[in-house]
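K.L.:
Okay, handing you the structure first.
FYI, it's all coordinate maths here, none of it is from the lab. As the structure is a computational prediction, the values presented were derived from the model and not from experiment. Using ideal geometry, Cβ is built from the backbone for each residue, glycine included, and neighbour counts are taken over all protein chains shown.
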Amino acid sequence: VQLQASGGGLVQAGGSLRLSCAASGRIFSNNGMGWFRQAPGKEREFVASISYNGGRTSYADSVKGRFTISRDYAKNKVHLQMNSLKSEDAAVYYCAASRTSYGSSDAGTYAYWGQGTLVTVSS
């Protein structure tokens, strides 16, 4: 079981990035997926989640209207499109696969975690 996050980098405030998470097929088709982030000195926090069939999505209030989570079933990937980035969005972003078919804001409901990808936002 593997989750491989990518797409992080340096972006100016107001810019966009798209993060991707490649998942092994066994845990992709049936599991809810989520993105979390952790900034230096802060707790890990929920960003977004998506259900196994893409029919249900959920976002942290801080990213609503700016971030979009989606699934690519052909490539077994989950994407996080991040627009209008702010300095407070800078963090290491982690993708995770839920123990259930539906995503959640509770990190404890996720069984598998990727290695993280760093997002840096310059002002």
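K.L.:
So which residue, out of Gly108, Gly15, Gly54, gets the largest mean-square fluctuation from a GNM of the chain using Cα contacts under 10 Å as springs?
P.N.:
Most flexible of the set in this elastic network: Gly108.
K.L.:
Take the range 30-75, drop everything but the C-alpha atoms, weight them equally and run the Debye formula without solvent; then report log10 I(q)/I(0) at 0.15, 0.30 Å⁻¹ to two decimals.
P.N.:
Reported log10 I(q)/I(0), two decimals: -0.42, -1.11.
K.L.:
Could you grab the relative contact order for the chain? Cα pairs under 8 Å, six or more apart, rounded to a whole percent.
P.N.:
Once divided by the residue count of the chain, the mean separation gives 37 percent.
K.L.:
Rounded to the nearest 0.05, what FRET efficiency do Gln115 and Lys64 give with R0 = 25 Å and r taken as the Cβ-Cβ distance? Could you check?
P.N.:
So, using R0 = 25 Å, E works out to roughly 0.40.
K.L.:
Based on DSSP H runs of at least 4 residues, each adding -39500 (n - 2.57), what is the mean residue ellipticity at 222 nm of the chain after dividing by all its residues, to the nearest 500 deg cm²/dmol?
P.N.:
Calculated at 222 nm, the ellipticity per residue is -500 deg cm²/dmol.
K.L.:
Please find the FRET efficiency linking Thr57 to Ser87, where r is the Cβ-Cβ separation and R0 is fixed at 25 Å, and quote it to the nearest 0.05.
P.N.:
0.50
K.L.:
Could you count how many Lys pairs in the chain have their Cα atoms under 22 Å apart, skipping same-chain pairs fewer than 8 positions apart?
P.N.:
4
K.L.:
Amide H neighbours of Val119 under 5 Å, at least 5 residues apart or on other chains, H built in the peptide plane: list them.
P.N.:
Gly9, Ala91, Val92, Tyr93
K.L.:
Charges only on Cβ, +1 for Lys and Arg, -1 for Asp and Glu: so what's the dipole of the chain about the Cα centre, in debye to the nearest 20?
P.N.:
Dipole magnitude for the chain comes out near 280 debye.
K.L.:
Between Ser123 and Glu45, 0.36 nm times their residue separation minus their Cα-Cα distance comes to what?
P.N.:
Contour length minus Cα-Cα distance gives 25.9 nm.
K.L.:
Residue-wise, which Karplus ³J(HN,Hα) couplings in Hz belong to the range 42-57, taking 6.51 cos²θ - 1.76 cosθ + 1.60, θ = phi - 60°, and x for glycine or proline?
P.N.:
10, 6, 5, 10, 6, 10, 7, 9, 8, 6, 4, 9, x, x, 10, 10
K.L.:
Along the positive direction of the dipole of the range 8-92 (beta-carbon charges: Lys, Arg +1; Asp, Glu -1; about the Cα centre), which of Gly32, Tyr59, Ala90 reaches farthest?
P.N.:
Gly32
K.L.:
Here is a follow-up. Quick one: P(r) of the range 72-114 from all Cα-Cα pairs, 5 Å bins, percents rounded to integers, in order of increasing distance.
P.N.:
The calculated distribution, bin by bin, is 5, 16, 22, 25, 19, 11, 2.
K.L.:
Want the number for Ala13 to Val1: 0.36 nm per residue separation, take away the alpha-carbon distance, what's left?
P.N.:
Stretched out fully, the Ala13 to Val1 stretch lengthens by 0.8 nm.
K.L.:
Which order do the peptides 116-122, 59-65 come out in when sorted by mean C-beta neighbours inside 10 angstrom, highest first?
P.N.:
Peptide ranking by packing, descending: 116-122, 59-65.
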